[in-house]
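First the structure, in the form of structure tokens, and then the observations on it.
Any read-out appearing in this document is the output of simple, stated calculations on the displayed coordinates, not a laboratory observation. All values derive from a computational prediction rather than experimental measurement. Glycine also receives a Cβ, built like all others from the backbone with ideal geometry; neighbour counts cover every protein chain displayed.
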Amino acid sequence: QVQLVESGGGLVEAGGSLRLSCAASGRPFSNYALAWFRQAPGKEREFVARITLGGRYTYTDSVKGRFTISRDSAKNTVYLQMNSLKPEDTAVYYCAADVNTDFSYEYWGQGTQVTVSS
């Protein structure tokens, strides 16, 4: 079992920055990949970024160069630094754990709202 708790969402103006955090507990943090997804109103949940056990990164094209995913094993926390935010980044952001490292994402957090005003 893995428990995930996101924080750091909020309201920000376009061009601003936010840093999301996801605190993990349960299974050893170093044993699984982690990712961020988001879901905007009326849209399907979409992949945002992923970080593997070895620290390799993957991003969706729309956030490349603006968002950075990182993990701190000492704090069992994964972060999503979001810069140059746009109104289209408005969504509920979810943290997910891929414990089998097969992109199945067995565990999810409750989500944190990010709203970017124009």
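Numerical summary
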quantity	calculated
Computed lengthening from Ala40 to Arg19, 0.36 nm per intervening residue step minus Cα-Cα distance	5.8 nm
Residues Gln113 and Asn31, FRET efficiency given R0 of 25 Å [Cβ-Cβ distance, rounded to 0.05]	0.30
Neighbourhood net charge (11 Å Cβ-Cβ; Lys/Arg +1, Asp/Glu -1) for Asn83	+2
Fraction of beta bridges assigned by DSSP in the chain that are antiparallel (%, nearest 5)	90
Rough spin-label spacing in nm, given labels placed 7 Å along Cα→Cβ, for Arg66 and Glu106	3.4
